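Enquirer: I'd like to ask you about the structure that follows.
The values are calculated or read from the model by the stated rules, or taken from the named source; none is laboratory data. Since we're looking at a predicted model, the values are computed, not measured. We place every Cβ from the backbone using ideal geometry, glycine too, and count neighbours over all the protein chains shown. SASA here: full protein model, heavy atoms, side chains in, ligands and nucleic acids out. Shrake-Rupley method; radii C 1.70, N 1.55, O 1.52, S 1.80 Å.
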Amino acid sequence: MLSITDFRSGMPTGIALRDALPRASMNVEDAAEKIRPVLEDVKLRGAQALRDWAERFDGVRPKCLRVEAAELSKALEQLDPQVREAMEIAIAHNQAGHRAQLPNEQVTQIVPGGTVTQRWIPVERVGLYVPGGLAVYPSSVIMNVVAASVAGVEQIAVASPPQARFGGRVHPTILAACQLLGVSEVYAVGGAQAIAMFAYGAKGQAGLDSDTLCQPVDVITGPGNIFVAAAKRLVRSVCGIDAEAGPTEIAIIADSGANPTLVAADMISQAEHDPNAASLLFTDSEELATAVEDRIVREAKATKHSARVREALSGKQSGIVLVKDMEDAVKAVNAYAPEHLEIQTENAHELAQKIRNAGAIFIGSYTPVPLGDYLAGSNHVLPTGGTARYVGGLSVMAYLKPVQQVEYDRTALKTMAHPLTAFADAEDLPAHQEAVNCRFS
């Protein structure tokens, strides 16, 4: 089922190494051209366009695009108590994990009487997208909302696709999570059209909505399919985005001492998300590789979403990478830059310190990726497609702007007048020096 890439006799370097590793293809450019008319239509026609595209893409025409308060309350009241308890634990853990990310304001004296204060100011309004395709993701509600609220964002809006089986409403578990988190602005809007609604705002449809259905936001975050990623690319000149997320990925570094049953279970758990999900094992043990393959073949048949799992694991994006030693495993993983990286080796902590490129790192046999998906206290919205080389996972920083506040008194400015005049002369900008010198004439 799993393809084998064998680097034991020699491993390429640089771009050649990246190209040699299993990877899903994701043509965002083509997707962007396909959904560009959707964005323009929503920008022009607002709520009416949102309903038309929902009917085409989601198979249902929602009457109420903005979820009513009573529906949110009802969803939480009817939520399974055990699921509610799990959500409450996840919220508490993620609040603790994200509070630790908050930067402190710092005042630096540059010269006597002259200071620069580094402030961190939250954006005013954000739009958080929660997908609703093959699975329901209340955990994504928690990850996005907690990060934004801890950052201090005042206005939080959530969008998730209308569900035909719920009469055009958002999945009730999503609504329950929103209610539990205190989010009252929720929309039954999915896909690229939701990104357009957040970026441009949307006017209401006569007889069904208020004049303005949704105000534009400052930042859009949240995972989605390739069309959501493409829509984010098209609107990022209008508002901020977190990343262009692609299919989910797991990479596992394991040595001969790893438990093949655990490795196989973790690869299957990631493949369960999507037929395009990537599951890779990096190992220097051919015996472990064989044992993992055997268990995957057996367990993939027995799991609930067997067809989806088997398609993902047999795809070109998944496989086993055989390496000469753990040093080469680290090099290969850094080239791959996985969304999730598990390290199941004898010296896991030591290897983890050598990892430069990964969205999140899970150390040891008792830290599987699903823990991070729900309850670890880390954020599960992470960079995919190799983008972990230059971007991190979702954090409070996605919603904070660094602003430098400068304050000099008269004496401090006067000490800078001479060197500032020299700079202004060198750049032939005499009005710059006059703006300073006129204060002392």
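Enquirer: Rounded to the nearest 20 Debye, what is the dipole magnitude of the range 373-439 about its Cα centre when Lys and Arg each give +1 and Asp and Glu each give -1 at the C-beta?
Expert: 220 debye
Enquirer: A further question follows. Can you work out ³J(HN,Hα) from phi for every residue in the range 27-37, in order, using Karplus 6.51 cos²θ - 1.76 cosθ + 1.60 and θ = phi - 60°, giving whole Hz and x for Gly and Pro?
Expert: 8, 5, 4, 5, 4, 5, 5, 5, 9, 4, x
Enquirer: Would you work out what percent of the accessible area of the range 320-363, with all protein chains in place, is carbon or sulfur (probe 1.4 Å)?
Expert: Ligands and nucleic acids excluded, carbon and sulfur reach 42 percent.
Enquirer: Based on the Kirkwood radius over alpha-carbon pairs, what value in µm²/s does the Stokes-Einstein equation return for the translational diffusion coefficient of the chain at 10 °C and 1.306 mPa s?
Expert: After rounding, the answer is 66 µm²/s.
Enquirer: Check GLU249: other-chain or 5+ apart residues with amide H under 5 Å from its amide H, H built from backbone geometry?
Expert: Placed amide hydrogens put ALA278, GLU339, HIS340 under 5 Å from GLU249.
Enquirer: Among LEU375, LEU102, LEU234, which one shows the highest mean-square fluctuation when the chain is modelled as a Gaussian network with alpha-carbon springs under 10 Å?
Expert: Of LEU375, LEU102, LEU234, the most mobile in the Gaussian network model is LEU102.
Enquirer: Gaussian network model of the chain, Cα springs within a sub-10 Å range: biggest mean-square fluctuation belongs to which of ALA302, ALA231, ALA312?
Expert: ALA302
Enquirer: Placing +1 on the Cβ of each Lys and Arg and -1 on the Cβ of each Asp and Glu in the range 13-85, which of GLN82, LEU65, LEU39 has its Cα farthest towards the positive end of the resulting dipole?
Expert: Final value for the positive-end residue is LEU39.
Enquirer: In addition: Return an integer: the convex hull volume of the alpha-carbon atoms of the range 142-215, in Å³ per residue.
Expert: Here the figure is 105 Å³ per residue.
Enquirer: Over the chain, with a Gaussian network built from C-alpha contacts below 10 Å, which listed residue (ASN27, ASN225, ASN259) shows the highest mean-square fluctuation?
Expert: Among ASN27, ASN225, ASN259, the largest mean-square fluctuation in the Gaussian network model of the chain belongs to ASN27.
Enquirer: Show me, for the range 259-276, the HN-Hα J-couplings you get by feeding each phi into the Karplus relation (A = 6.51, B = -1.76, C = 1.60, θ = phi - 60°), rounded to Hz, glycine and proline as x.
Expert: Computed from phi, the couplings for the range 259-276 are 8, x, 5, 5, 4, 4, 4, 6, 5, 5, 4, 6, 5, 5, 5, 6, x, 9 Hz.
Enquirer: Could you give the C-alpha radius of gyration of the range 253-379 expressed as a fraction of 2.2 N^0.38 Å, taking N as the number of residues it contains?
Expert: It is 0.98.
Enquirer: If you line up the Cα atoms of the range 1-50 on their principal axes, what length do they span on each, largest first, in Å?
Expert: 60, 28, 12
Enquirer: Further, regarding this structure: Determine the order of TRP53, TRP120 by accessible area, beginning with the largest, at a probe radius of 1.4 Å.
Expert: TRP120, TRP53
Enquirer: Could you grab the relative contact order for the chain? Cα pairs under 8 Å, six or more apart, rounded to a whole percent.
Expert: Answer for the chain is 21 percent.
Enquirer: Mind scanning LYS43/LYS316; LYS63/LYS401; LYS232/LYS401; LYS63/LYS203; LYS324/LYS354; LYS43/LYS74 and naming the pairs with a C-alpha gap bigger than 26 Å?
Expert: Beyond 26 Å between Cα atoms: LYS43/LYS316; LYS63/LYS401; LYS43/LYS74.
Enquirer: Still on this structure: Got a sec? Charge dipole of the chain, +1 on Cβ for Lys and Arg, -1 for Asp and Glu; which of ALA202, VAL136, PRO402 is way out at the positive end?
Expert: Toward the positive end, the furthest listed residue is ALA202.
Enquirer: Can I ask one more? If you put +1 on each Lys and Arg Cβ and -1 on each Asp and Glu Cβ, how big is the dipole of the chain around its Cα centre, in Debye rounded to 20?
Expert: The dipole magnitude comes to about 920 debye.
Enquirer: Could you tell me what a quarter of the Cα convex hull surface of the range 242-321 works out to, in nm² with one decimal place?
Expert: One quarter of the hull surface, i.e. the mean projection, equals 5.3 nm².
Enquirer: Along the charge dipole of the chain, pointing to its positive end and built from +1/-1 on Cβ of Lys, Arg, Asp and Glu, which listed residue (VAL436, PHE227, TRP53) has its Cα farthest out?
Expert: TRP53
Enquirer: Only sites in a loop by DSSP and with at most 14 other Cβ atoms within 10 Å count here; which trypsin sites (Lys or Arg not before Pro) in the range 238-319 make the cut?
Expert: Filter output for the range 238-319: LYS304, LYS316.
Enquirer: Net charge near ALA231: determine it from the other residues with C-beta under 14 Å of the C-beta of ALA231, scoring Lys and Arg +1 and Asp and Glu -1.
Expert: The answer is -1.
Enquirer: Related question: Which value in Å does the Kirkwood hydrodynamic radius of the range 188-338 take, with 1/r averaged over all unlike C-alpha pairs and then inverted?
Expert: Final number for the Kirkwood radius of the range 188-338 is 17.9 Å.
Enquirer: Here is a further query. Kindly provide the helix-only [θ] at 222 nm of the chain, computed as the sum of -39,500 (n - 2.57) over DSSP H runs of four or more divided by all residues, to the nearest 500 deg cm²/dmol?
Expert: One gets -13500 deg cm²/dmol as the mean residue ellipticity at 222 nm.
Enquirer: Below 14 angstrom from the Cβ of LEU2, what's the summed charge of the other residues (Lys, Arg +1; Asp, Glu -1)?
Expert: Neighbour charge sum, excluding LEU2 itself: -3.
Enquirer: Kindly sort TYR408, TYR200, TYR336 by accessible area of their heavy atoms, largest first, with the probe set to 1.4 Å.
Expert: TYR408, TYR200, TYR336
Enquirer: Sequence gap at least 6, Cα distance under 8 Å: using those rules, report the relative contact order of the range 277-332 to the nearest whole percent.
Expert: In percent, rounded to a whole number, it is 59.
Enquirer: With every protein chain left in place, what is the accessible area per residue of the range 7-61 in square angstrom, probe 1.4 Å?
Expert: I get 58 Å² per residue for this part.
Enquirer: Scan the range 1-57 for trypsin sites (Lys or Arg not before Pro) in coil per DSSP, keeping those whose Cβ has at most 14 other Cβ atoms within 10 Å, and list them by number.
Expert: Those satisfying the criteria are ARG8.
Enquirer: Okay, next question. Averaging sequence separations of C-alpha pairs under 8 Å and six or more residues apart, then dividing by the length of the range 27-124, give the relative contact order as a whole percent.
Expert: Rounded, it is 11 percent for the range 27-124.
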